[in-house]
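What follows is a single structure, written as structure tokens, with notes after it.
Read-outs throughout are calculated quantities, based only on the coordinates presented, and are distinct from any laboratory measurement. Small disclaimer: the values here were computed from a predicted structure and weren't measured. Here Cβ is always computed from backbone atoms with ideal geometry, including for glycine, and neighbour counts include all displayed protein chains.
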Amino acid sequence: ICPHCFNELDGYRSIHVGLKKPLDTITLEEEALRKKWLEDDEDDELYDLDQELVELETGYENLLAYEENLLPFLMAQEYSMECTICRESMVYAGEQKVPGNQFIAAVPEGVTEPFLSAPFTVKVHVCPTCFKMEHSLSEEDRIRIMNNLNK
């Protein structure tokens with residue numbers, strides 16, 4: 001399990017890192033430093049390893065509970081938006097209303113009306129894995145934009 005995002009690392013998601021040097025390339029100084037480090041930190045290393053295992057198990061249990069509690073939100077969605085970063089299904093979190101005084105519309109030269117004018121509503125989606133947020137215009141405001149541009 002990744003300690004950052006708590007995703008299971010298995011198969012194609014596994015990362016293999018070679019940290020061991022061939023025995024014939026290790027210098028006497030490196031070997032002496034390694035032995036000194038092992039002797040000095042032997043007790044601390046064992047404690048840290050035990051603590052890390054407890055944290056990993058707790059994190060895994062928390063991840064399972066998190067996924068279980070997230071499931072009703074995912075199942076209730078009409079459609080699923082894919083996260084642009086990690087490709088997971090995003091969760092619909094709600095709507096945000098943008099009033100007229102909080103949006104300044106862009107009006108290009110030669111155009112009399114803006115493409116999008118406030119007030120409008122955006123749907124907010126959150127990725128449950130990387131927590132990136134995405135906004136999309138509500139269906140009513142999409143139709144309003146199309147009608148305004150078809151005049």
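Temperature 25 °C, viscosity 0.890 mPa s: under these conditions the Stokes-Einstein estimate for the range 93-151, based on its Kirkwood radius over C-alpha pairs, is 189 µm² per second. The slack in the chain from Ser89 to His4, taken as 0.36 nm per residue of separation less the alpha-carbon distance, amounts to 28.7 nm.
Label reach from Cys130 (point 7 Å along Cα→C-beta): in the range 64-95, amide nitrogens under 13 Å belong to 82-90. A simple count of charges around Cys83, restricted to other residues whose Cβ falls under 14 Å of its Cβ and scoring Lys, Arg +1 and Asp, Glu -1, yields -1. Using C-alpha pairs under 8 Å with a sequence gap of at least 6, the mean separation divided by the residue count of the range 58-144 gives a relative contact order of 24 percent.
Ala105 label point, 7 Å along Cα→Cβ, cut-off 15 Å on backbone N: hits in the range 119-142? The answer is 119-121, 141-142.
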